[in-house]
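The values are calculated or read from the model by the stated rules, or taken from the named source; none is laboratory data. Just so you know, these numbers come straight off a predicted model, no measurement behind them. Cβ placement follows ideal geometry from the backbone for every residue including glycine, while neighbour counts extend to all protein chains displayed.
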Amino acid sequence: MTSVSQAFVALQDGLLRGAWADVQFEDPVYQRWQQAARHAHREGHPAGRGSLDVATLTRQILRRETERSGQAVDLAVPHPTSAWPDEAYWQACGVTIRARQERHVVVRAEPWTPLFAGGVDPTAQAMAQRRRREPVHIPADPLFEEMTGFDAYSSSGQQQALRAVWFAAPGATIITVLPTGTGKSAVAHVPALSAVRQGRISVMVVPTVALALDQERALQALALSANIELPAVLAFHGGLTAAQRQAYLERIQSGTQGVIITSPEQLVSSLSSAMYRAAEAGQLAYLTLDEAHLATQWGADFRPEFQTLAGLRRALLDAAPPEHRLVTMLLTATLTDADLHTLRGLFGQPGPCDLIAAVKLRPEIEYWSAALPSAEERRAAVLEAVLYAPKPAVVYTTRVRDAKALHAALTELGLSRVGLLHGECSTEERVQVVRGWRAAELDVVVGTAAFGVGIDQAHVRTVIHACVPESADRYYQEVGRGGRDGRTSLALTLTAPQDWDDAARMAERQVITVERGLQRWRRMFQAAQQLTFGVFRVDMDLNPADLTRTNERSRTWNVNTLNLMARAGLIRLQHMPPPRRGPEDDERTHQRAWDEHHRSQWVEILDPLHLKESTWEARVEPVRKEAQREARRSLRLLGQVLRGEREVSEVLCDVYRVQASEAFPLDAIYPQPACGGCLVCRSERRLPDSGVDPQPLVVHWQAPPADLGDLMSPGRVTMIEVHDDQHRQQWLRRLISRGVQVLVDPDRTLLPAQLKALQVHSPRPLLVERSDLLLFAPPLASVLLAPSEWDSLPDSWLETSETPRLILHLPHHTHTDRGEPLSHISARFIRAVH
């Protein structure tokens, strides 16, 4: 047993003295309780019942202290008032009054043991917040430390992904798959800030305004610490004023914007003209697609501009000088085989296209599920779970009306710190909810799948599904909102019978039929304008003959048709520069040109038989059927999880396993299993499994060859004898200025200040390895700093290598691992330089 925390002692003391509002808490749970209590005292309950929010958060504190200390914990709180809960509110969330004192009541939180849990408290692990993901310490390369202030990478996947980007060839694509919490965002942020120093621009495409603003804040903070100047506005979205948008475009033209954060819709429309000009000037450095797993949704019936974006990217690559073509980064935490195929097809050309995947399942999440006999009983179970489960909490539904009903029911119970976010919310409503969520002003958010994409809240403890998601991927994405701080979280799914039919309908994606798709394509192609050989401009506002009125839904089906054809390989979507106003064009002429450009899509015909029904049956129909088969399979796998038929990590490894193909032999992803507890694990009494961190490798490296001809001999390692640290530093500056990129420093003899000074002499980032085995070192010119205590040198460094290798050693290093003096073997293996 252990004692209660210092925060609990301080809270109890503050409550007894009436000074709880003045206590300085560092723990997020106690900060949240204090914020809720302050809100309760400001607002007060009109009926004098106090705050149910305070009651539920008091429960969380008591249960956490109980789970951690191993003994029941009591807390003395003031008697019921308009701010402090009354007895009914305490009882509503499982808190009992143990004793009544003159000015206080003593309360204790009882375990929650719903019928489906078999006498166990399903919230116990999440309440305790036990650490399930230990932080790793991989020494940072000097540029990473300079840009972020961190002396270590979050994971080996982050390290290797950044190195792949740093040494990518112009026009290359890097697909990065990193689990949540392993540093995915920095893979985009660090290169972008480096490009700002070179006077170039990086573009980040994100799915939501909330994420754009979040990325803006993160980049501004990094830039400030790295002493890099950025404009105040980085996120380009519909909420900007006309003056702000104009100023933004002017900064792009002048080359001072540095970083552009926007949506695919804004990039392919309002910003496309500026993008072409920047590409032609060689200013575009990086194009990053965050949350790239959304490609299949964005490219089908959710966000069709995703595939238009692929055409814009190809056009920007063609417009740029060859040596200044932008590098594309596709970032995601999860990727299925179909997703990877889609991303390669959209963004893999001209190549090379590297996959850096360090996929490991989340060990923090404990999975619970229960099937309720009716929608009414499920609703009651969800409301009870929200009152008893630790906060912050997210409640997911499939239908908007269900989200609205649950939100209304929770507020009717007496909870006031509850938000609502769904697909019908306005931009202002979304921003308000996300702001309150991040500021800990909301304890619960009820929402549909529209809530959560890119919304990073590290301390989420509970994710409740009051529905059955249509796929195992959506389910895992949503439960993954919890436990991002590396500590235990609860994933609770409560289903009703109708949910499975709803999920099955959702899983059958709205992919247009061959008959209807061909009908739409023939109409568009009949009126198409040929621009060059095989490339046509089609009008997206055209309707089939049986439709007389153009509307947004009809236009979306046209886009859907083209996307399906592109996935089947019949066409390739292209993008053309927007019209530029000529000196003789009046406003009306220019506006007509813009309107035509907006309703147009450019397609390159890849199959000359694209108008034949037999071609559609042979090529398009298999794509439709495969999408439907995969959707049914994913829902079937989710059912195995929720019914306890298979262990969670086993199923999720099936979902996210990618098999190598003959065309892409290196595209294999084998997720590392991990499970924080599920129905199968509990029935078999298995302990939580934190899994093993994967170690990815970089395939393609691009760097100028080192100019070391006067030091190197073919097939030999160069031995350089140095006398002291100053002499060694002189040699390192010389070698780095001539192309050495990798420093192997097992003894960590180089201090951060020394590495920073050396980085100045290299046009590329220096890479620092700590292992003499070079397990993850790239094929670049390397230098080994032999540790002072070594009596010998590793044989691996005496073998023939295609890349230059040098060894800096002090005079007393005289033997190899073979036991021979260096002087005896230098003629065969080593060229000594003094």
Check on Glu26, more than 21 Å from Met127 (Cα to Cα), of a type outside the set (A, V, I, L, M) and loosely packed, with under 15 Cβ neighbours inside 10 Å | no
The residue that is surrounded by the fewest Cβ atoms within 10 Å (Cβ to Cβ), considering only those in the stretch 501-527 that are within 30 Å of Ala472 (Cα to Cα) and of a type in the set (Gly, Ala, Ser), is Ala504
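Residue-by-condition table, conditions (1) touching a strand residue (DSSP E or B) at 6+ places or on another chain (Cβ under 8 Å); (2) of a type in the set (A, V, I, L, M, F, W, C):
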position	(1), (2)
Val136	yes, yes
Gly149	no, no
Ala152	yes, yes
Gln159	yes, no
Pro179	yes, no
Can you tell me which residues in the stretch 19-63 are among the basic types (Lys, Arg) and touching a residue at least 12 places away in the same chain (Cβ under 8 Å)?
-> Arg32, Arg38, Arg49, Arg59, Arg63
Of the residues in the stretch 384-416, those that are assigned to a loop (DSSP other than H, G, I, E, B) and either touching a His at 6+ places or on another chain (Cβ under 7 Å) or assigned by TED's automatic domain parsing to the domain that holds Gln34 (or both) come to Pro392
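Residue by residue, here is whether (1) in contact with a Phe, Trp or Tyr (Cβ under 8 Å, 6 or more places away or on another chain); (2) surrounded by fewer than 21 Cβ atoms within 10 Å (Cβ to Cβ) holds:
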| site | (1), (2) |
| --- | --- |
| Gln244 | no, yes |
| Ala247 | no, yes |
| Arg251 | no, yes |
| Thr256 | no, yes |
| Pro264 | yes, no |
| Ser273 | no, yes |
| Ala278 | no, no |
Output the residue which, of all residues in the stretch 382-427 that are acidic (Asp, Glu) and in contact (Cβ under 8 Å) with a residue 60 or more places away in the chain, is surrounded by the most Cβ atoms within 10 Å (Cβ to Cβ).
-> Asp402
The lone exception for Gly70 - which of (1) modelled with pLDDT of 95 or more; (2) in contact with a Ser or Thr (Cβ under 9 Å, 6 or more places away or on another chain) it fails | (1)
Taking the residues in the stretch 86-105 that are free of Cβ contacts under 8 Å to residues at least 60 places away in the same chain and part of a strand (DSSP E or B) as candidates, determine which candidate is surrounded by the most Cβ atoms within 10 Å (Cβ to Cβ).
-> Val95
May I ask you to say which residue of Thr123, Thr113 is closer than 24 Å to Pro688 by Cβ and free of Cβ contacts under 8 Å to residues at least 40 places away in the same chain?
-> Thr113
Quick one: which helices (runs of 4 or more DSSP H) lie wholly within the stretch 215-280 and hold at least 1 residues that are small (Gly, Ala, Ser)?
-> 242-254, 272-280
Just to be sure, is Arg197 surrounded by fewer than 18 Cβ atoms within 10 Å (Cβ to Cβ), modelled with pLDDT under 95 and under 23 Å from the mean Cα position of the chain (by Cα)?
-> no
Within the stretch 13-34, can you find the residues that are of a type outside the set (Asp, Glu) and in contact with a helix residue (DSSP H, G or I) (Cβ under 9 Å, 6 or more places away or on another chain)?
-> Gly14, Ala19, Trp20, Ala21, Val23, Gln24, Phe25, Val29, Tyr30, Arg32, Trp33, Gln34
Among (1) under 22 Å from the mean Cα position of the chain (by Cα); (2) at positive phi; (3) of a type in the set (D, E, K, R), which single condition is Asp654 missing?
-> (2)
Number of the exception - Met329 against (1) among the hydrophobic types (A, V, I, L, M, F, W, C); (2) surrounded by fewer than 24 Cβ atoms within 10 Å (Cβ to Cβ); (3) at pLDDT 95 or above = (2)
Might you let me know whether the stretch 785-799 holds any residue that is of a type in the set (Phe, Trp, Tyr) and either modelled with pLDDT of 80 or more or in a loop (DSSP other than H, G, I, E, B) (or both)?
-> yes
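Here's the yes/no breakdown for (1) under 30 Å from His459 (Cβ atoms); (2) out of contact with any strand residue (DSSP E or B) (no Cβ under 8 Å at 6 or more places or on another chain); (3) modelled with pLDDT under 95; (4) in a helix (DSSP H, G or I):
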| position | (1), (2), (3), (4) |
| --- | --- |
| Thr296 | no, yes, yes, yes |
| Arg303 | yes, yes, yes, no |
| Phe306 | no, yes, yes, yes |
| Leu312 | no, yes, yes, yes |
| Asp318 | no, yes, yes, yes |
| Pro350 | no, yes, yes, no |
| Glu366 | yes, no, no, no |
| Ala370 | yes, no, no, no |
| Arg378 | yes, no, no, yes |
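Results for (1) in contact with a helix residue (DSSP H, G or I) (Cβ under 6 Å, 6 or more places away or on another chain); (2) in the same structural domain as Trp616 (by TED's automatic domain parsing); (3) exposed (fewer than 15 other Cβ atoms within 10 Å of the Cβ), shown as yes or no for each residue.
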position: Asp539; (1), (2), (3): no, yes, no
position: Arg553; (1), (2), (3): no, yes, yes
position: Arg572; (1), (2), (3): no, yes, no
position: Pro578; (1), (2), (3): yes, yes, no
position: Pro583; (1), (2), (3): no, yes, yes
position: Thr589; (1), (2), (3): no, yes, yes
Does Gln628 qualify as being surrounded by 15 or more Cβ atoms within 10 Å (Cβ to Cβ) and in contact with a helix residue (DSSP H, G or I) (Cβ under 9 Å, 6 or more places away or on another chain)?
-> no
Flag if Val4 is touching a residue at least 24 places away in the same chain (Cβ under 8 Å), under 20 Å from Leu413 (Cβ atoms) and of a type in the set (A, V, I, L, M) | no
Can you run down the residue pairs with Cβ atoms below 7 Å, 6 or more apart or on separate chains, where the first is in the stretch 614-643 and under 24 Å from Val680 (Cβ atoms) and in contact (Cβ under 8 Å) with a residue 12 or more places away in the chain and the partner is of a type in the set (S, T, N, Q) and buried (at least 17 other Cβ atoms within 10 Å of the Cβ)?
-> Ser634/Ser471; Leu635/Ser471; Leu638/Ser471; Leu642/Ser369; Leu642/Thr493; Leu642/Thr495
Look through the stretch 35-50, keep the residues that are in contact with an Asp or Glu (Cβ under 8 Å, 6 or more places away or on another chain) and part of a loop (DSSP other than H, G, I, E, B), and return whichever of them is surrounded by the most Cβ atoms within 10 Å (Cβ to Cβ).
-> Gly50
With respect to Arg685, determine if the residue is charged (D, E, K, R) and at positive phi.
-> yes
Select the strands (runs of 3 or more DSSP E) contained entirely in the stretch 475-576, then report the ones holding at least 2 residues which are touching a Ser or Thr at 6+ places or on another chain (Cβ under 8 Å) and either farther than 30 Å from Arg344 by Cα or of a type outside the set (Asp, Glu) (or both).
-> 489-495, 535-539
Selected residue (only one of Ala168, Ala218, Ala172, Ala212 is crowded, with 22+ Cβ neighbours inside 10 Å, within 15 Å of the chain's Cα centre (by Cα) and not acidic (Asp, Glu)) = Ala212
